[in-house]
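Here the structure comes first, spelled out in C-alpha cells, and everything after it is commentary.
Taken together, the values in this text are just the output of simple stated rules run on the coordinates, not laboratory data. The shown structure was predicted, so the numbers you read here are calculated from the model rather than taken from an experiment. Because the Cβ atoms are built from the backbone with ideal geometry, glycine has one as well, and the counts that use them run over all protein chains shown.
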Amino acid sequence: MRYSICYTPSARDPLSLAASSWLGRSVYSGEAVEHPEGIGLSQSEIAFHTALPRRNGFHACLKAPFRLHPDVSEAMLLRELMHFAGVVEPFALPALEVGRLGDHCGLMLSHHSLQLDQLASLVVQNFDQFRAPLTEAEIDRMAPERLSAPQFANLYRWGDPHVLDEYRFYLPLTGPLSLRDRERVQKATSSYFSTYLAQPPVFSNLALFVEREQGAPLVVHSLHPMGRVSARKIA
C-alpha cells in the first residue's frame, strides 16, 4: 500500500470529468470511461497514448507515492492531512494550458506561482514523517545516475528528485510521444481541453491518493477541503 498527496479537481468539476474521459478512467471511482470522439484522434489512438497516465489518474503530484513509516498509521496520516488542509487558504492557480514536458503531453501552468511552490514545499516537508525510507530497489528504479546533483540530493533526502526547487506542477495526459505523433496529438489534446481551461482553476482541496498494491491504478482515497479551520476562526 502506498499513499500520495496531490492536486486534482473535485469529482464533479467539468475538467475532472473531461480528463476522466480523455484518460479512460475515473480517478474517483476507478471505473473505465469511454474516450471522446471527433477530436482528430481515434479512440484506439487515445487509448494507446494515454495508457501510462491512465494508471496514475488525473492529478498533479505534491508528495510522491510512499509507503507508511512503521511508526505511523493511516488514521494518523488522515488526521494530519485534515488539519494541514484546514489551515491553508484556497487560492487561484494561473491558467492551465496544454504543453509538453520532454516527450510527454500534459497540463501546465501558464506562468509561475510562488504560492503553489510554497504549498508544494510545505507538503513535502510536513508529511515526510509519514514516509518509510526508500529501499535500494526503489532508488534503482528511479535511475539516480540520470539525475542532476540537486535531484540526486532530493531523492535521498525526500524520496523524490522533483521537489522543492526542482518541482514542476504538471498533470500528465499522455505517455511518451514519438516525433511522428507529437504535433498531431498535442493539437488534438489542446482542442479537446480548450473549453475546460477557459477559467483558471482554484486550488481548494488536497487529495490523498492510494495505490492498494504494487502496480495497481491510483485512486482518490479522500479529498480534504482547504481553509475550513481558517474560515471558522474568522467567523
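What the Cβ-Cβ distance of residue 145 and residue 21 gives, at R0 = 35 Å and to the nearest 0.05, is a FRET efficiency of 0.35. Remark: relative contact order (the range 36-139) = 31 percent; criterion is Cα-Cα distance under 8 angstrom and separation of 6 or more residues. Here the relative contact order of the range 184-223, from alpha carbon pairs under 8 Å that lie six or more residues apart, stands at 29 percent.
Across the alpha-carbon atoms of the range 1-108, the computed radius of gyration and Dmax are 16.3, 52 angstrom.
Considering only 190, 143, 102, and ranking their Cα positions along the charge dipole of the chain that arises from unit charges at the beta-carbon of Lys, Arg, Asp and Glu, the one farthest toward the positive end is 190. Residues 136, 211 in ascending order of nearby Cβ atoms (within 10 Å, fewest first): 136, 211.
Cut-off is 10 Å between beta-carbons; in what order do 2, 184 appear when sorted fewest neighbours first? Don't jump to the answer; show the numbers that get you there.
On the way: 2 18, 184 13.
Arranged by neighbour count, lowest to highest, 2, 184 become 184, 2.
Across the range 174-180, computed HN-Hα scalar couplings (Karplus, 6.51 cos²θ - 1.76 cosθ + 1.60, θ = phi - 60°) run 9, x, x, 10, 6, 4, 5 Hz from first to last residue, x flagging Gly and Pro.
How high is the relative contact order of the chain, given as a whole-number percent (alpha carbon pairs under 8 Å, six or more residues apart)?
34
For the range 131-235, the alpha-carbon coordinates run over 52, 41, 30 Å along the three principal axes, in decreasing order. Each helix, a run of at least 4 DSSP H residues, gives -39500 (n - 2.57); summed and divided by the residues of the chain, these come to -10500 deg cm²/dmol at 222 nm. With unit charges on the beta carbons (Lys and Arg positive, Asp and Glu negative) and the dipole taken about the Cα centre of the range 2-234, which residue among 50, 86, 210 sits farthest to the positive side? The residue sitting most towards the positive pole is 86. For residue 174, the residues 5 or more places off, or on other chains, whose built amide H falls under 5 Å of its own are 105.
Working value for the range 2-234: equivalent-ellipsoid semi-axes of 28, 22, 17 Å, each the square root of 5 times a Cα gyration tensor eigenvalue, largest first. For the range 75-164, a Kirkwood radius taken over Cα pairs fed into Stokes-Einstein (20 °C, viscosity 1.002 mPa s) yields D = 138 µm²/s. The Cβ shell under 12 Å around residue 182 holds other residues with a net charge of +1, Lys and Arg each +1, Asp and Glu each -1.
How would 204, 4, 222 line up from fewest to most surrounding beta-carbon atoms within 10 angstrom? Walk me through the intermediate numbers first.
On the way: 204 18, 4 21, 222 13.
Fewest-to-most ranking of 204, 4, 222: 222, 204, 4.
About its Cα centre, the range 2-234 has a charge dipole of approximately 340 debye under the convention of +1 per Lys or Arg Cβ and -1 per Asp or Glu Cβ, with nothing else charged.
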